[in-house]
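Before any comments, here is the structure.
What follows is calculated from the coordinates using simple rules that are stated; it is not laboratory data. Everything numeric in this text was worked out from a predicted model, so none of it was measured. Using ideal geometry, Cβ is built from the backbone for each residue, glycine included, and neighbour counts are taken over all protein chains shown.
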Amino acid sequence: MNFYDYLVKLGLQEGYNVIIHSSFKKILSAFPGITSNEVFTSLKKIVGLSGSIIFPAFTYCYKKSSGEYEIFNYADSKSKVGFLSEEFRKEKDTVRTLSPTHSFALWGKVTSFISEFNFPESPLGKGSVLEWLTKQENSYVLMLGTDFSSLSYGHYLEIESKVPWYDFSPWDYLNVLPIGVSVDGIQKLKEIPGCSKNFIKFEKFLDDKKLIPKLSKDLLQSSLIKITVLYDNGIKFFKENFESLLCSENTCPACDQRRKKFISC
Ligand SMILES: [Zn+2]
């Protein structure tokens with residue numbers, strides 16, 4: 001089975017709008033010698049121009065209260081969320097959005113609706129690419145060798161379900177301010193996404209309900225999850241189980257900050 005057939009078998013179809021989280025290492029383990037270009041060609045061939053391919057190309061260019069910080073630059077700022085996402089945002093036919101902290105690389109239908117000038121003050125909430133995906137039919141999260149600890153959509157769910165810390169920044173201990181910085185200037189941000197490690201609890205919840213279609217090949221385990229499934233189950237789960245979304249005590253300073261402020265007395 002080649003990579004194209006693998007994606008088809010997983011359920012990917014023409015006209016789907018997909019946001020992709022990936023481990024290229026895992027993809028390589030199942031498809032030795034495959035190039036990033038071959039990955040993109042297969043994806044584009046399947047979803048076509050009536051669908052969309054979206055990679056997060058986050059750079060986290062926040063202003064800091066002390067110490068040095070990076071300044072976002074459209075052409076040169078590298079994606080910090082994986083090899084494929086960095087390769088994809090450099091493609092000639094890809095549009096990169098200008099959010100200094102949470103930029104996205106876009107291809108296909110989505111580019112008729114979202115231009116490079118999409119940089120909402122709520123980078124993963126209202127007005128964001130994630131909101132656009134939520135409003136489309138046929139939107140999916142495609143995970144290629146990753147788990148829910150990389151689920152950007154979880155941050156959208158945090159905001160939509162208004163978990164207690166949805167607009168609280170837990171990154172004080174890293175001197176991070178709720179301000180994005182780019183060569184064009186600074187942008188005050190309404191929400192700063194926090195730690196996402198324990199979104200795997202939500203994954204387990206969906207898994208137990210058999211709501212995540214999966215396909216394995218060697219070390220590569222992938223899943224294709226419909227956004228409506230994430231949204232409908234997520235709003236309820238996040239409202240009722242927000243506490244379980246925090247890392248265990250004393251293992252994560254960001255989650256400890258949130259626990260201290262919103263949970264323990
Ligand atoms: Zn954490």
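A protection proxy built from the mean count of other Cβ atoms within 10 Å ranks the segments 92-104, 158-170, most packed first, as 92-104, 158-170.
Label-to-label distance for residue 167 and residue 2 is 5.1 nm, based on points extended 7 Å past Cα in the beta-carbon direction. Within the chain, the proportion of C-alpha pairs whose separation exceeds 25 Å stands at 44%. Mean residue ellipticity, 222 nm, helices only, the chain: the sum of -39500 (n - 2.57) across DSSP H runs of n ≥ 4, divided by residue count and rounded to 500, is -9000 deg cm²/dmol.
As a ratio to 2.2 N^0.38 Å, the alpha-carbon radius of gyration for region 2-89 is 1.30. Separation of region 183-205 and region 44-111, taken as the distance between their Cα centroids, equals 15 angstrom. Segment residue 207..residue 74, full-extension length gain: 44.1 nm, with 0.36 nm per residue of separation and the alpha-carbon distance subtracted.
Evaluating 6.51 cos²θ - 1.76 cosθ + 1.60 at θ = phi - 60° for every residue in region 203-210, the Karplus couplings come out as 4, 5, 4, 5, 4, 4, 8, 6 Hz, glycine and proline recorded as x.
In this structure the amide hydrogen of residue 214, modeled in the peptide plane, comes within under 5 Å of no amide hydrogen from residues 5 or more places off or on another chain.
Peptides 141-148, 79-86 ordered by packing proxy, namely the average of other Cβ atoms within 10 Å per residue, highest first: 141-148, 79-86. Put in order of Cβ neighbour count within 10 Å, fewest first, the listed residues 4, 153 become 4, 153.
Restricting the chymotrypsin sites (Phe, Trp or Tyr not before Pro) of region 181-265 to loop positions (DSSP other than H, G, I, E, B) with no more than 11 neighbouring Cβ atoms within 10 Å leaves nothing. Cβ-to-Cβ counts within 10 Å put 200, 53 in ascending order as 200, 53, the fewest first.
Take each peptide in 114-122, 210-218, count the other Cβ atoms within 10 Å of every residue, and average; sorted highest first, the result is 114-122, 210-218. Take the alpha carbon gyration tensor of region 59-210, find the square roots of its eigenvalues, order them as a ≥ b ≥ c, and report rounded if a/c is under 1.5; if not, report prolate when a/b exceeds b/c, else oblate. Judged from the Cα gyration tensor, region 59-210 comes out oblate (a/c at least 1.5, b/c at or above a/b).
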